[in-house]
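The block underneath contains the structure these notes are about, expressed in structure tokens.
Nothing in this text is a laboratory measurement; each read-out follows from the coordinates by a stated rule. Everything numeric here is computed off the predicted structure, so don't read it as measured data. Heads up, the Cβs are rebuilt from the backbone with ideal geometry, glycines too, and the neighbour counts pull from every protein chain shown.
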Amino acid sequence: MSKKPLTKVEEEAEIESSSAPLMTHLIELRTRLIWAIGGFFVAFLVCFFFAKQLFNLLVIPFQWATAWAGLDASKVDLIYTAPQEFFFTQIKLGAFGGMILAFPLIATQIYRFIAPGLYRNERGAFLPFLIASPILFLLGGALVYFFFTPMVMWFFLSMQQVGPDNEVQISLLPRVSEYLGLIMTLIFSFGLVFQLPVVTTLMARVGLLSAQGLADKRKWAIVIAFIVAAVLTPPDPVSQIGLALPTIILYEVSIWLARRVEKQRAVAEAEREAETEAAAAE
């Protein structure tokens, strides 16, 4: 039986009814964006106001490296060679710190926007990963701050030629913008790498990856880890190996997590089959 064609009034009414949910989603998206951008702006202002103190905090690993190199750690000099350089460095530091401070709020707004479209079990599965992501990023940043930055700066300081026995005095005087760029690159690189278990576990949960597939590609993963480390870190072996090794360890953790997800899925499927058979028998 052919469907009766709609009149013009009925077509307009159908269009209006279908556009209402879209407008609701757009209004909700605008609200979430306002909260996220507003939170970032407030966090940026706070970090920019304390930019000098934050920069002094980031210089502490350089002081540790100076002490490891046998130099006077109380005299650590950084320079800027353009009048506006330190001002723009403070803006970059404010933006970087503001993004870190505002990330919980931004992640909450993202979750609140997509949560209504998820089933209850999907929300329960997604929320732990949303919590684990910033924690893993902070762990990567802490590893950079307390270990790898002092190691990298010690490596660069070891290339100096200082003292009365050297005819040519070559001293390391980092620019404030380049030092901040190094710290930001290392924190971003390690924080991104530490998201590997989260990403692979989510992909394994939806069936895009398997533990066996990850294990079979282990050799390629090791090669890619060193290539990524060479691209993301400064051209020194200390930072490159320092990023590649945690990446490989996290890859092994990802395989273990994927196996756990597969076991949980197998148990859930067995329970559903048992319930189905029991219902059919009744």
Worksheet item: Using only Cα atoms, what Kirkwood radius does the stretch 180-282 have, in angstroms?
Response: 15.6 Å
Worksheet entry | Packing-based exposure ordering (other Cβ within 10 Å, fewest first) of W68, W220 | W220, W68
Response to the item:
Sorted by chain and number, the residues with a modelled amide H under 5 Å from that of R175, at a separation of 5 or more or across chains, are I79
Practice prompt. Starting at the first residue of the stretch 214-228, write each ³J(HN,Hα) from the Karplus equation 6.51 cos²θ - 1.76 cosθ + 1.60 with θ = phi - 60°, in whole Hz, x for Gly and Pro.
Written response: 5, 5, 5, 9, 4, 5, 5, 4, 5, 5, 5, 4, 6, 5, 5
Discussion item. Taking the 0 to 90 degree range and rounding to the nearest ten, how far is the long axis of helix 51-68 tilted relative to the main principal axis of the chain, both from C-alpha atoms?
Written reply: 60 degrees
Worksheet entry | Over the chain - Rg/Rh using Cα atoms and the Kirkwood inverse-distance radius | 1.14
Practice prompt. Answer rounded, prolate or oblate for the stretch 25-136, using the Cα gyration tensor with square roots of eigenvalues a ≥ b ≥ c: rounded when a/c is under 1.5, else prolate when a/b is larger than b/c, else oblate.
Written response: oblate
Worksheet, complete the sentence: Neighbour-count ranking for L127, L143 (other C-beta within 10 angstrom, fewest to most) reads L127, L143
Worksheet, complete the sentence: Cβ-Cβ cut-off under 15 Å around L105, Lys and Arg +1, Asp and Glu -1: the net charge is +2
Fill in: Cα-derived Rg over Rh, computed across the stretch 122-212 with Rh taken as Kirkwood radius
1.25
Item to complete: Would you mind working out the magnitude of the charge dipole of the chain relative to its Cα centre, with +1 at each Lys and Arg C-beta and -1 at each Asp and Glu C-beta, to the nearest 20 Debye?
Response: 120 debye
Item to complete: Just tell me the longest site-free run in the chain, where the sites are trypsin sites (Lys or Arg not before Pro) in a DSSP loop having at most 15 other beta-carbon atoms within 10 Å.
Response: 76-216
Worksheet item: Which net charge results when you count Lys and Arg as +1 and Asp and Glu as -1 among the other residues whose beta-carbon is under 12 Å from that of R175?
Response: -3
Practice prompt. Measure out, as a whole number of angstrom, how far apart the alpha-carbon centroids of the stretch 254-282 and the stretch 38-97 sit.
Written response: 52 Å
Fill in: Top positive-direction residue, dipole computed over the stretch 144-271 with Cβ charges, set P197, T247, A225
P197
